[in-house]
């Protein structure tokens, strides 16, 4: 199993389509056996699903994510745990322990970052633990 987490400064990054890095976790027998940080090299939104597939990722933990990106992940066979915030390593450990709090219905239906909107806020149609958007 390989888990990817949208990543910034040790935490789950809250804006899937704009993440600059993923932290990858190799899992064997329910334990982390290795990690690495990979750059997205400017890939965004739907293209990120292809990048994750190329990296043999089968599970993604992220903050906010839109419907198009969710569809792209599903088409690549990648399980999604969205609406997650906090420390990336702790999120993976919680997933492995079966205690990860996530939002199965996480969705952000906007692309307007004007008027002081910050991804991670629960405004403008964003939902989930920590909000976020695609």
Exercise for the section: Answer yes or no: is there a residue in the range 33-53 that is at pLDDT 95 or above and assigned to a loop (DSSP other than H, G, I, E, B). Expected result: no
Handout entry: Matching residues in the range 39-62 - criterion: being closer than 20 Å to residue 9 by Cα, loosely packed, with under 13 Cβ neighbours inside 10 Å and either touching a strand residue (DSSP E or B) at 6+ places or on another chain (Cβ under 8 Å) or touching a residue at least 24 places away in the same chain (Cβ under 8 Å) (or both)
Key = 39
Problem - the range 54-101, residues that are part of a strand (DSSP E or B) and more than 14 Å from residue 4 (Cα to Cα) - result: 64
Practice task
Evaluate the following for residue 126: is it more than 16 Å from residue 22 (Cα to Cα), touching a strand residue (DSSP E or B) at 6+ places or on another chain (Cβ under 6 Å), modelled with pLDDT under 50 and surrounded by 14 or more Cβ atoms within 10 Å (Cβ to Cβ)?
Solution key: yes
Exercise for the section: Examine the range 70-86 for a residue that is buried (at least 16 other Cβ atoms within 10 Å of the Cβ), at positive phi and touching a strand residue (DSSP E or B) at 6+ places or on another chain (Cβ under 8 Å), and state whether such a residue exists. Expected result: yes
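The values are calculated or read from the model by the stated rules, or taken from the named source; none is laboratory data. This one's a predicted model, so the numbers in the text were calculated from it and none came from an experiment. Heads up, the Cβs are rebuilt from the backbone with ideal geometry, glycines too, and the neighbour counts pull from every protein chain shown.
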